[in-house]
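Read through the structure below, which is laid out as structure tokens, and then see the notes.
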Amino acid sequence: MRVCSPMKPFILLAALALGFGSAHAADLPSKRAPSPPPSGFLSAQKVSSWTGFYAGALAGVGMGDVSDASVSPITNADLSPITGKLHRSGAMAGVQVGYGFMTGPIHIGVEADTALTSIGGAQTASGVYNAAPASARLTVKTDVLGSLRGRVGYVFNDVLIYGTGGMASALQKSTFTVTQNDTGASFTSSGAAYVVRVGWVVGLGAERFFARDVSGKLEYLYAHVGDGIRARFNPNGVHLLRGGVNYHF
């Protein structure tokens, strides 16, 4: 008969204890840093760069006075011209495209836009025409307004503050109506002219990302493209306050 060694029970208990300890340790929380999330999650939260192409929509209002609008050939009784201020105002809406790049915190870019507008006004006057009493009505309207501008600004995190300037162009329409009353009879003559003006524009603005790839902007522009009155080259400016939304590709 074989006699068991007194050490064998202790060896068996030690092996069981080690096995239980390993299994229990596997269930304990790890002190290691958690694994990083998938790269797609990080990119989904990342704000787009100010470098690249973008396109969007704009809307705003405009106003300005024509300082020496004349209702010639209607004159005063002494044949002096009748002139005055013609106030123009209206709304606008259109589209814009652009490209920009960064050099340090400095943003440099170019932007083009075009918009349909209702900016216009009218002036009426009474006087004489061919030595007879007469009245006149002058209306002016800017149908299309566009610009091609450079943009230079400074970026604070997701906010861009910029100055802008360049070329502006406008399609303007003027209509002129004269009504003459002479010895009990009256007649009316009228005419219209479409004129394309080219001038300049300057302004300031701010733009900010409010979602990935999407930014909103607010800007003030002063466009000096003329008044469109009877095909005269008589430049008068219009003040524009516009907002816009851009998608960055």
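Points worth noting:
- Here each label is just a point 7 Å from Cα along the line to Cβ, and for THR175 and PHE249 those points are 4.1 nm apart.
- Taking the fewest neighbouring Cβ atoms within 10 Å as the starting point, the ordered list for ILE161, ILE82, ILE119 is ILE161, ILE82, ILE119.
- Label-to-label distance, nm, for residues given as MET102 and THR51 (7 Å Cα→Cβ offset): 0.8 nm
- With a Förster radius of 22 Å applied to the C-beta separation of MET167 and VAL196, the computed FRET efficiency comes to 0.95.
- Kirkwood-Stokes translational diffusion coefficient of segment 50-248, alpha-carbon pairs, 10 °C, 1.306 mPa s, µm²/s: 86 µm²/s
- Relative exposure of TRP200, TRP50, judged by other C-beta atoms within 10 Å (fewest first): TRP200, TRP50
- Per-residue Cβ neighbour counts within 10 Å put SER215, SER190 in the sequence SER190, SER215, beginning with the fewest.
Coordinate-derived values only; no laboratory data. Not measured: the values here are computed from a predicted model. No Cβ is skipped: glycine too gets one built from the backbone with ideal geometry, and neighbour counts run over all protein chains shown.
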